[in-house]
Amino acid sequence: MSGTLNKVMLIGHTGDEVKMHYFEGGGSIGRFPLATNETYTNRTTGEKVSNTEWHNIVVRNKGAEICEKYLHKGDKVYIEGRLKTRKWQDEKGQDRYSTEIQCTDFTFLTPKTESGAMPTSNPSNAQQNTNQQSQSQPASQQATDDDDDLPF
């Protein structure tokens, strides 16, 4: 074990639609901003203070395509990934830095009825999730399963 960890877990709302970039080899990258909010009460004034932090999310390949299809502006989503800082030069030749979240896993949290999104997805097993949904039980059988006694 190397003794280091680079892991990010965020729950927030998307600030825009997913912007896709496709490559010749068939790969793709999706990018979108994610807003997380912090709310607290100022002890001296008693006033509620709310701060919004914006994060740049990067999703690759099949996960990016799923996000593009089902994730919309304002949707709530759980993102898991790692931090990556890129260095680049602007038009004036100045070094600039951009920190992004390289997404490795995500779960859509906005209910399907509100956004048309699938409830959960994982870029690594996205095809498996799609296959499982197409083989789901008929509606009549699902209704009888709901009648079972639940322990909670």
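Just so it is clear, none of the values below were taken in a lab; they were calculated from the coordinates. Model, not experiment: these values are computed from the prediction. For neighbour counting, all protein chains shown are included, and Cβ atoms are generated from backbone atoms with ideal geometry for every residue, glycine included.
Brief remarks follow.
- Annotation: peptides 2-14, 95-107, ranked by per-residue average of other Cβ atoms within 10 Å with the highest first, follow the order 95-107, 2-14.
- P(r) tail, segment 1-87: Cα-Cα pairs separated by more than 19 Å, 51% of all pairs.
- Over the C-alpha atoms of segment 21-61, the Rg to Rh ratio, Rh being the Kirkwood estimate, stands at 1.40.
- Exposure proxy order (Cβ contacts within 10 Å, fewest to most) of Lys62, Lys48, Lys84: Lys48, Lys84, Lys62
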